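The next block holds one structure in the form of structure tokens; read it before the comments.
The values are calculated or read from the model by the stated rules, or taken from the named source; none is laboratory data. Here the structure is a predicted model, which is why all the values come from computation and not from measurement. Cβ sites come from the backbone with ideal geometry, for glycine too, and all protein chains shown count toward neighbours. These area figures cover heavy atoms from the full protein model, side chains too; ligands, DNA and RNA do not enter into them. Shrake-Rupley method; radii C 1.70, N 1.55, O 1.52, S 1.80 Å.
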Amino acid sequence: MCDDRRIVFDDDNPEWTQEDFARARPISEFPELAAAFGKARGRPVGSTKADAKVQVALRIDPDVLAAFKSAGPGWQSRMNAALRAAMPKRSSPA
């Protein structure tokens, strides 16, 4: 089988040389540049907060998922709220 894909060279973004790698510095040495990227979103890895969310794989009917997503951003939180509302009520300790 012949791979006839061609290598494309980009003069505006040349491949790095060993010298380029030797001159490279971590972004932490450029705080003003690092600040332009903003902070990471989401919960930190290894969060130990009591209310930390748990990531799961869950099979949902396509129409149910489409309905939540169609309302726009925040659909996961809305789905969580709907699941919470459907939970059996806990009896209060006497």
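Quick rundown of the values:
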item	result
Helix axis angle, 75-86 relative to the chain longest principal axis, alpha carbon, degrees	20
Candidate lysines for bridging to Lys39, where Cα separation is under 20 Å - those fewer than 8 sequence places away on the same chain excluded	Lys49, Lys53
Spatially proximal aspartates and glutamates relative to Lys89 (Cα-Cα < 17 Å; intrachain offsets below 8 disregarded)	none
Mean accessible surface per residue for the chain, computed with a 1.4 Å probe while every protein chain stays in place, in Å²	104
Table column - 3J(HN,Hα) (Hz), segment 28-41, Karplus curve with 6.51, -1.76, 1.60, x for Gly and Pro	4, 7, 10, x, 5, 6, 4, 5, 5, 8, x, 8, 5, 9
Mean ellipticity per residue at 222 nm, deg cm²/dmol - from DSSP H runs of n ≥ 4 across the chain, formula -39500 (n - 2.57)	-9500 deg cm²/dmol
Signed unit charges on C-beta, dipole axis of the chain, positive-most listed residue Ala22, Phe68, Leu83	Leu83
The chain, accessible surface, carbon-and-sulfur percent (1.4 angstrom probe)	57
